[in-house]
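One structure below.
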Amino acid sequence: MGSVWDVDNWVDRKVNSFIKSFYPTAIARELDLPLNVVFERLLQLVKDRKLILNWEIRCPECHFTITTLDEFPISLPSTIFCTHCQDDVELSLDYIFPVFSINPEYKEHVRGSARERKKKRELALAR
């Protein structure tokens, strides 16, 4: 079983990947950690401005992502139109999911730090 710090390492490894967003369940499975532990750590990384948290509203019938919100909806309409099903579907909290993405500013910071380390190594080897 992994540790909570493995979540940070996982995020840092994804900075240079093509992943646009990810779900806590993917990390929990990959690191063999309880979902609540992963979610709490990801929320801390949001507070630290390394990650961005959005909320997906999915269709309860086909699981298509209907919309993505920047903030958790305080009030919900009773129904929402699914463009995939072409129907109004009942909406409940069970169909709202957290989705995380890496903050572009943090990506640039990590990439910049890596470039600096590379330059320092090259200078050290040149001596």
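Considering only residues that are touching a Pro at 6+ places or on another chain (Cβ under 8 Å), assigned to a helix (DSSP H, G or I) and of a type in the set (S, T, N, Q), which ones fall in the range 77-127?
Passing the criteria: none in range.
Of the conditions (1) under 21 Å from residue 22 (Cβ atoms); (2) of a type in the set (Val, Ile, Thr); (3) surrounded by 15 or more Cβ atoms within 10 Å (Cβ to Cβ), residue 89 clears all except one; give me its number.
In the conditions (1) under 21 Å from residue 22 (Cβ atoms); (2) of a type in the set (Val, Ile, Thr); (3) surrounded by 15 or more Cβ atoms within 10 Å (Cβ to Cβ), residue 89 misses (1) alone.
Do any residues in the range 30-53 that are at positive phi have Cβ atoms under 8 Å from those of residues that are not in a helix (DSSP H, G or I), where the two are at least six apart or on different chains, and which pairs are they?
Between residues of the range 30-53 that are at positive phi and residues that are not in a helix (DSSP H, G or I), the close pairs are 32/1; 32/2; 49/103.
Quick one: is residue 115 modelled with pLDDT of 95 or more, closer than 25 Å to residue 10 by Cα, among the basic types (Lys, Arg) and loosely packed, with under 14 Cβ neighbours inside 10 Å?
no
Per-residue answers, yes or no, for (1) at pLDDT below 95; (2) closer than 30 Å to residue 114 by Cα; (3) surrounded by 14 or more Cβ atoms within 10 Å (Cβ to Cβ); (4) not acidic (Asp, Glu):
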{"position": "3", "(1), (2), (3), (4)": "yes, yes, no, yes"}
{"position": "7", "(1), (2), (3), (4)": "no, yes, yes, yes"}
{"position": "10", "(1), (2), (3), (4)": "no, yes, yes, yes"}
{"position": "18", "(1), (2), (3), (4)": "yes, yes, no, yes"}
{"position": "28", "(1), (2), (3), (4)": "no, yes, yes, yes"}
{"position": "37", "(1), (2), (3), (4)": "no, yes, yes, yes"}
{"position": "47", "(1), (2), (3), (4)": "no, yes, no, yes"}
{"position": "97", "(1), (2), (3), (4)": "no, no, yes, yes"}
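I'd like the full set of residues that are in contact with a Phe, Trp or Tyr (Cβ under 9 Å, 6 or more places away or on another chain) and surrounded by 12 or more Cβ atoms within 10 Å (Cβ to Cβ), limited to the range 49-62.
Within the range 49-62, 50, 51, 52, 53, 54, 55, 56, 57, 58, 59, 60 qualify.
Of (1) within 20 Å of residue 106 (Cα to Cα); (2) out of contact with any helix residue (DSSP H, G or I) (no Cβ under 9 Å at 6 or more places or on another chain); (3) in contact (Cβ under 8 Å) with a residue 12 or more places away in the chain, residue 16 satisfies all except one. Which?
Against the list (1) within 20 Å of residue 106 (Cα to Cα); (2) out of contact with any helix residue (DSSP H, G or I) (no Cβ under 9 Å at 6 or more places or on another chain); (3) in contact (Cβ under 8 Å) with a residue 12 or more places away in the chain, residue 16 comes up short only on (2).
The values are calculated or read from the model by the stated rules, or taken from the named source; none is laboratory data. Keep in mind that this is a model prediction, so the values were computed, not measured. Cβ atoms come from the backbone with ideal geometry, glycine included; neighbour counts cover every protein chain shown.
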